[in-house]
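> Take a look at the following structure, please.
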Amino acid sequence: QKEVEQDPGPLSVPEGAIVSLNCTYSNSAFQYFMWYRQYSRKGPELLMYTYSSGNKEDGRFTAQVDKSSKYISLFIRDSQPSDSATYLCAMSDNAGGTSYGKLTFGQGTILTVHP
Amino acid sequence: DTGVSQNPRHKITKRGQNVTFRCDPISEHNRLYWYRQTLGQGPEFLTYFQNEAQLEKSRLLSDRFSAERPKGSFSTLEIQRTEQGDSAMYLCASSRGTAGTNEQYFGPGTRLTVT
């Protein structure tokens, strides 16, 4: 079983929809949680970054972390065709520890927002 | 800040040849990571540098792979005697290394095709 599980989709929604993307993980040492957006043949772009449990909002994006359930989510409100991309969750334990902050990624969810 | 840059962006090589990739991190970022991403998967950790010291290597990094970061600035990743299984996107990421944070910013990647 992988340390981080993410439904690969694909997910197709109409413009304006609310999108929910999720990951589950098994390593209770994970403390830093990130969401990256990756367009085809490009490098991942950091979207959201949270530490420990809680919510974080940035414009149309909201990230949620529930460490007790080992579950993280990304919500996209008022989705746009330009949001069409692969969304990757990533996480790490204490960056000062022996893992040196290496990220463990989910498989990525392919999202298409159609006009 | 200018972002993380990687060169070349694409490399096509014949099996058995050696290849070298370069990564220039964001200036003043003392942590540098290499990841590998294959089609339909999330990136996987390869190796980590703190300044010029290589502190961790994944078991994915066989003896044919070597990485350096002279003077703690740019980094190179060399693959000797390439195999078709080495075909992938090679991604570099950097982070500031501030205690209590782990935001990693990725470059555009180098896409390697081994024929």
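Only the coordinates and a few stated rules stand behind these numbers; no lab work does. If you're wondering where the values come from, they're calculated on a predicted model, not measured in any experiment. In this analysis, Cβ positions are derived from the backbone assuming ideal geometry, glycine residues included, and neighbour counts consider all displayed protein chains.
> Answer with one residue from B:Y105, B:I79, B:G16: the one whose Cα lies farthest towards the positive end of the charge dipole of chain B, charges on Cβ with Lys, Arg +1 and Asp, Glu -1.
Going by the Cα projections, it comes out as B:G16.
> With an 8 Å Cα cut-off and a minimum separation of 6 or more residues, compute the relative contact order for chain B in percent. Intermediate results must be reported in sequence, preceding the final value.
Details: 289 pairs, mean separation 42.0, N = 115.
The value is 37 percent.
> Scan around A:S84 for amide H atoms under 5 Å from its own, H built in the peptide plane at 1.01 Å from N, and keep only partners 5 or more places away or cross-chain.
A:V113
> Under 8 Å for C-alpha pairs, at least 6 residues apart: give me the relative contact order for segment B:1-44, rounded to a whole percent. Numbers along the way, then the final one.
Details: 30 pairs, mean separation 16.0, N = 44.
The normalised contact order for segment B:1-44 reaches 36 percent.
> Let me have the relative contact order for chain A, percent, based on Cα pairs under 8 Å that are six or more residues apart.
36
> Still on this structure, I have one more. Treating cross-link reach as a plain straight distance, find the lysines whose alpha-carbon is under 23 Å from the alpha-carbon of B:K11, omitting any fewer than eight places away in the same chain.
Here the lysines satisfying the reach criterion relative to B:K11 are A:K42.
> Here's something else I'd like to know. For chain B, set up a GNM with springs between Cα atoms under 10 Å and report which of B:S75, B:S95, B:S62 has the largest fluctuation.
So, out of B:S75, B:S95, B:S62, the one fluctuating most is B:S62.
> In a Gaussian network model over chain B where Cα atoms closer than 10 Å are linked, find which of B:G42, B:G100, B:G85 has the largest mean-square fluctuation.
Fluctuation is largest for B:G100.
> Here's a follow-up. Could you calculate the contour length gain from B:N30 to B:Q84, that is, 0.36 nm times the residue separation minus the distance between their Cα atoms, to one decimal place in nm?
Full extension from B:N30 to B:Q84 adds 16.2 nm.
> If you place +1 on the Cβ of every Lys and Arg and -1 on the Cβ of every Asp and Glu, how big does the dipole about the Cα centre of the protein assembly as shown come out, in debye to the nearest 20?
660
> Between B:T38 and A:N22, what's the calculated FRET efficiency when r is the beta-carbon distance and R0 is 22 Å? Round to 0.05.
Here the calculated transfer efficiency is 0.45.
> Turning to a different aspect of this structure: Identify which of B:T82, B:T13, B:T98 has the largest mean-square fluctuation in a Gaussian network model of chain B, with springs joining Cα atoms closer than 10 Å.
B:T98
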